[in-house]
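Only one structure is covered here, and it is reproduced in the block below.
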């Protein structure tokens, strides 16, 4: 159901001299109470000065205006309305005053306020998450370095005492530490996305793919993956070079990482 249109009219003295029934029903006041500047008694104190300035400035220039403000409703609570004022003239072009029409926008304003609060909460949560990821990634890498160093030391000093199983177990530890370090680096990269944002600039897509393949060189060699670049390397795109490199690195890296056991990866870019 369409909301009623609230209509008012003002004369040459800028004072209101008529309101339609919808306005009176909305405010719960009589025509006599609203006449002149009486209607302004219902305007929220925080909005009054701003609205008065908009109204008087437009009136002095004989220009249309629009503004949003809170006004007390018949129930005693404040509702948000958008108010459009239009100068009126007679057939001779003589200025006669203003006519205005208003719509209740309380639901929209309430939704905007909730959305704004949600956005602020999300921004705060993201900031905390980024800070946690940044700190945690640095703290986690230190024990990983120690594990890798001691595994290397054990293998150098006592490797000749190990049988095949012992060397295999050492390999498992080293590989686990390496994969954990890679995940920590991914976490660190995620925490730096906003910190390292750069202006969007034109770049060759081939450069981003080349950088990604270079970074993945060890991983590609270890799993004997076959990567084919079937794209025009000179193709230009607009973006952030670091994030575009990371995009292709993640896509290609996931393709060679999550493969069926015993089957060689064949990746086409």
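The values are calculated or read from the model by the stated rules, or taken from the named source; none is laboratory data. What you see is a predicted model, and the numbers here were worked out from it, not measured in a lab. Every residue, glycine among them, receives a Cβ derived from its backbone with ideal geometry; neighbour counts consider all protein chains shown.
Descriptive notes on the structure:
- Checking 49, 13 one by one, the residue that is without any contact (Cβ under 8 Å) to a residue 12 or more places away in the chain, farther than 30 Å from residue 111 by Cβ and loosely packed, with under 14 Cβ neighbours inside 10 Å is 13 and no other.
- Some residue of segment 117-125 being more than 29 Å from residue 184 (Cα to Cα), at pLDDT 90 or above and not assigned by TED's automatic domain parsing to the domain that holds residue 180: yes
Matching residues to (1) touching a residue at least 40 places away in the same chain (Cβ under 8 Å); (2) surrounded by 13 or more Cβ atoms within 10 Å (Cβ to Cβ); (3) under 30 Å from residue 81 (Cα atoms); (4) out of contact with any strand residue (DSSP E or B) (no Cβ under 9 Å at 6 or more places or on another chain):
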{"position": "110", "(1), (2), (3), (4)": "no, no, yes, no"}
{"position": "123", "(1), (2), (3), (4)": "no, no, yes, yes"}
{"position": "131", "(1), (2), (3), (4)": "yes, no, no, yes"}
{"position": "135", "(1), (2), (3), (4)": "no, no, no, yes"}
{"position": "139", "(1), (2), (3), (4)": "no, no, no, yes"}
{"position": "152", "(1), (2), (3), (4)": "no, yes, no, yes"}
{"position": "158", "(1), (2), (3), (4)": "no, no, no, yes"}
{"position": "168", "(1), (2), (3), (4)": "no, no, no, yes"}
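- Every residue from segment 18-36 that is in contact with a strand residue (DSSP E or B) (Cβ under 6 Å, 6 or more places away or on another chain) and in contact (Cβ under 8 Å) with a residue 40 or more places away in the chain: 23, 26
- Residues of segment 221-236 that turn out to be over 24 Å from residue 260 (Cα atoms) and surrounded by 13 or more Cβ atoms within 10 Å (Cβ to Cβ), as a count: 0
- Any chance residue 96 is touching a strand residue (DSSP E or B) at 6+ places or on another chain (Cβ under 9 Å) and over 19 Å from residue 6 (Cα atoms): yes
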